[in-house]
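Written below as structure tokens is the structure these notes are about.
The values are calculated or read from the model by the stated rules, or taken from the named source; none is laboratory data. The shown structure was predicted, so the numbers you read here are calculated from the model rather than taken from an experiment. Backbone-built Cβ (ideal geometry, glycine too); neighbour counts: all protein chains shown.
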Amino acid sequence: MTSGISNLKINAGRLQRRLADLATIGAIDGGGCARLALSDEDKAGRDLVCRWMGELGLSITVDAIGNVVGVRPGRQAGPPVMAGSHIDTVRTGGRFDGNLGVLAGLEVIETLNEAGVETEHPLAVAFFTNEEGARFAPDMMGSLVFTGVLPLADVLQTRGIDGSSVGENLTRIGYAGNAPVPAQSPRAYVELHIEQGPVLDHEGIDIGVVESVQGISWTEIEIAGVSNHAGTTPMSLRCDAGWAAGSIIAFVREMAEEMGGSQVATVGRIEFFPNLVNVVPNRAVLTVDLRNTREESLRSAEARLLAHVAALRDAEKVQIATRCLARFEPVPFAPEMTALVERHARAHGLTTRRMPSGAGHDAQMLAAVCPAAMIFVPSVEGFSHNVREFTHPHHIEAGANVLLSVLCELAGAAKPAGVHS
Ligand code: GLV
Ligand code: MN
Ligand code: MN
């Protein structure tokens, strides 16, 4: 670390208190959180984090897609070194996914404020709108607009699982801000996150040094069949949308197992119509989430899914429409940023492992516009998107201290002459 600050450490108790306080908003049984993007609970979470940003003296901006950035000035003007993540959750979320990266960023700021440390470049903490994509697709929506990949006007019209639009909800909760998008690119971006998988926990390693994020493909499939009586319609005369949906569920599972490697496949949402015990479904809507660290393999999985869908059309005489909800190629992080995280983690006496990320993250979008890095801490038994999500306090503290020292190096931190710790 830069001059006179190498012993600086975050306040682990204060970070835990903020994590616990934020988790009271949208709290659900079992210790988790339900703060779907742009819901009332998301608004309350945003208000609390903005209050903390204000108390820390950050200048807060809200952009037109609701991303919030709090900036601490540096000695020089110019783009900030940014820490960030998200505070929306899936409906059955834990308290660490996303929240850790944002609150650890605030903890870094408070640590520097207390110690009277200045930085050459400004430091910022950001939380991005709708990282989860559980209510409105695609995921990483806020960072996609922030970095100019998605046009604001289209995204504002996107309708979610309840039929309401992103634009309506942003206005309703008071987070349709006026900072422009695409935004000025940060000088660098660093995201601390829980691993959300079992690798670090199983191997007993402290810090995951993230080299890449795997590719993601989300498809919504709508099947139209013919409703009929469950007791009187011979099997050979059915156009059963429910059966076709079930066949897709089984197909993607078997395909992923056969492909092996990093291929995973999930049907996470399904609806039947009219959804009655004695009626052959005339309509089914389901989503397929395919992921792979290799773009070629992901394309091949997508092609196999489409071939299966085509075969089902003929076999069951149903109509099937597919719609892409999200598609991201695998993203590598800048090697010098990966090496920086590794060096700082080791300097803290922590064990490290290089790894890809299985989950999507705002960092993968920021990586297109500035050097970006991710720091992973272990998730106990790998649970995430589940109220059982848990990371030990000593790992949270370790990850936040790595974030502190990485940000200090990137932003050029030093104590002004005459200030002693
Ligand atoms: C976001 O959490 C995702 O990877 O689905
Ligand atoms: Mn996350
Ligand atoms: Mn998540």
Among the candidates 195, 222, 203, 211, which residue alone is out of contact with any Phe, Trp or Tyr (no Cβ under 8 Å at 6 or more places or on another chain) and over 18 Å from residue 272 (Cβ atoms)? 203
Of the conditions (1) free of Cβ contacts under 8 Å to residues at least 60 places away in the same chain; (2) surrounded by fewer than 22 Cβ atoms within 10 Å (Cβ to Cβ); (3) not aromatic (Phe, Trp, Tyr), residue 109 satisfies every one except a single condition; which number is it? (2)
Of the criteria (1) surrounded by fewer than 20 Cβ atoms within 10 Å (Cβ to Cβ); (2) within 16 Å of ligand 3 (Cβ to nearest atom), which one residue 365 fails: (1)
Mind checking whether some residue in the stretch 305-312 is buried (at least 20 other Cβ atoms within 10 Å of the Cβ), touching a Cys at 6+ places or on another chain (Cβ under 6 Å) and not assigned by TED's automatic domain parsing to the domain that holds residue 89? no
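Table: residues versus (1) closer than 29 Å to residue 371 by Cβ; (2) buried (at least 17 other Cβ atoms within 10 Å of the Cβ); (3) not assigned by TED's automatic domain parsing to the domain that holds residue 118.
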{"position": "43", "(1), (2), (3)": "no, yes, no"}
{"position": "50", "(1), (2), (3)": "yes, yes, no"}
{"position": "57", "(1), (2), (3)": "yes, no, no"}
{"position": "76", "(1), (2), (3)": "yes, no, no"}
{"position": "86", "(1), (2), (3)": "yes, yes, no"}
{"position": "95", "(1), (2), (3)": "no, yes, no"}
Yes or no: residue 209 outside the structural domain of residue 393 (by TED's automatic domain parsing), crowded, with 18+ Cβ neighbours inside 10 Å and either part of a strand (DSSP E or B) or of a type in the set (Gly, Ala, Ser) (or both)? no
Scanning the stretch 218-232 for residues that are in a loop (DSSP other than H, G, I, E, B) and closer than 12 Å to residue 281 by Cβ gives 225, 226, 227, 228, 230
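If the requirement is being away from ligand 1 (no atom under 14 Å from the Cβ) and of a type in the set (D, E, K, R), which of these qualifies: 118, 132?
Only one candidate qualifies: 118.
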